[in-house]
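The values are calculated or read from the model by the stated rules, or taken from the named source; none is laboratory data. These numbers were taken from a predicted model, which means no experiment stands behind them. Backbone-built Cβ (ideal geometry, glycine too); neighbour counts: all protein chains shown. Remember, those area values only see protein heavy atoms, side chains included, never the ligands or the DNA or RNA. Shrake-Rupley method; radii C 1.70, N 1.55, O 1.52, S 1.80 Å.
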Amino acid sequence: MAARLGNFIIFLILSIITLGIYPLFFFVTRQQETVALLTEIRDELKKSN
């Protein structure tokens, strides 16, 4: 019983860490995509002028 409880507590801790990291990962990748898109738009505007 104690081993199962220990495994469950480890599972909870890892779940909290994972759910805490995912929003940061999502934000960073979203910013990278935005910067890449804006750079592409800038380059196209320079090319057309």
Exercise. Here are several values of Rg and Dmax of the Cα atoms in Å: [x] 21.4, 72; [y] 16.7, 46; [z] 21.0, 67. Which one was derived from the coordinates shown?
Worked result: [x]
Exercise. Using a 1.4 Å probe, what is the accessible area per residue for the chain, in Å²?
Worked result: 99 Å²
For this session: Keeping the other protein chains in place, figure out the carbon and sulfur percent of the accessible area of the chain, with a 1.4 Å probe.
Result: 72 percent
Exercise. Against the longest principal axis of the chain, how steep is helix 2-48, in degrees 0 to 90 to the nearest 10, with axes from Cα atoms?
Worked result: 0 degrees
Exercise. Does anything in the range 4-30 have its amide N under 11 Å from the 7 Å Cα→Cβ label point of ALA36, and if so which residues?
Worked result: 29-30
Problem set entry | Potential extension, PHE26-ILE13 segment - 0.36 nm per residue separation minus Cα distance | 2.6 nm
